[in-house]
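Undergrad: Before anything else, here's the structure in question.
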Amino acid sequence: MSEAPLMRPLPVITDMNSYFWRSGGEGLRILRCGGCDRYSHPYVGRCPSCGSRDVKPQTVSGRATVVGFTVNHQPWFPHVPVPYVIAYVELEEQSDIRLATNIVNCPVEDVAIGMKVKVVFEKQDDDIYIPLFEPA
Ligand SMILES: [Zn+2]
């Protein structure tokens, strides 16, 4: 067993989500519908707007707005220093596409609703890139 601690809990990678978790080299990828052009996240097998199965990952800008957040002081993960911000960010491309993430590279007291942020990837083992957000 490895003695190297994981910095964060990592997702289980499947055929349905690898486009998202392994997108760090190419930018943030979100599914887009070939029928109606709407984005959707996460993958649910078809487009939630029009029902089309023609959904494919597309690289987006990585720009977003903080729409909700909390400051966590609880050391849930021994190697993730507290406090840190858990946030919902809304992607620039479509207002109902929201990601749960952490806001990084910024004092926790500076995070606010409406703050403009951009994606930054944290590379983990197994070619996983965790999308985090920092001030834009
Ligand atoms: Zn659609």
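Undergrad: Evaluate the relative contact order of the range 18-135 (contact order divided by residue number), counting alpha-carbon pairs under 8 angstrom at least 6 apart; express in whole percent.
TA: With pairs under 8 Å counted, the relative contact order is 24 percent.
Undergrad: At a 1.4 Å probe, what is the % contribution of carbon and sulfur to the accessible area of the chain?
TA: Looking at the chain in its full context, I get 52 percent from C and S.
Undergrad: Every cysteine in the chain with no other Cys Cβ under 4.7 Å from its Cβ, please list them in numeric order.
TA: Lacking a cysteine Cβ partner under 4.7 Å: C106.
Undergrad: Per residue, how much accessible area does the chain show when a 1.4 Å probe rolls over the protein heavy atoms, in square angstrom?
TA: That works out to 59 Å² for each residue.
Undergrad: Please identify, among T70, T14, T59, the residue showing maximal mean-square fluctuation in a Gaussian network model of the chain using a 10 angstrom Cα cutoff.
TA: It is T14.
Undergrad: On to the next question. On the Cα set of the chain, report Rg and Dmax in Å, please.
TA: Cα radius of gyration and Dmax of the chain are 15.7, 48 Å respectively.
Undergrad: 222 nm [θ] for the chain, helices only, -39500 (n - 2.57) per DSSP H run of 4+, per residue, to 500?
TA: Estimated from H runs of four or more residues: -500 deg cm²/dmol.
Undergrad: Provide the net charge surrounding K56, with neighbours chosen by a C-beta distance below 14 Å and charges set as Lys +1, Arg +1, Asp -1, Glu -1.
TA: +1
Undergrad: Leaving out ligands, DNA and RNA but keeping every protein chain, what accessible area does D96 have, in Å² rounded to the nearest 10, with a 1.4 Å probe?
TA: Accessible surface of D96 is approximately 90 Å².
Undergrad: Now for a different question. If we sort 115-125, 20-30 on the protection proxy, mean other Cβ atoms within 10 Å, highest first, what's the order?
TA: So the peptides 115-125, 20-30, ranked by packing, come out 20-30, 115-125.
Undergrad: Please report the net charge: other residues with Cβ closer than 12 Å to the Cβ of D96, K and R +1, D and E -1.
TA: Local charge sum for D96: 0.
Undergrad: Restricting to bridges with both residues inside the chain, how much of the DSSP beta-bridge set is antiparallel, in percent to the nearest 5?
TA: Antiparallel bridges: around 95 percent, rounded to the nearest 5.
The values are calculated or read from the model by the stated rules, or taken from the named source; none is laboratory data. Note that the structure is predicted; figures quoted are calculated from it, not measured. Methodologically, a virtual Cβ is constructed for each residue, glycine included, from the backbone with ideal geometry; neighbour enumeration extends over all protein chains shown. For the accessible areas, the whole protein counts, side chains as well, though only heavy atoms, and no ligand, DNA or RNA atoms are used. Shrake-Rupley method; radii C 1.70, N 1.55, O 1.52, S 1.80 Å.
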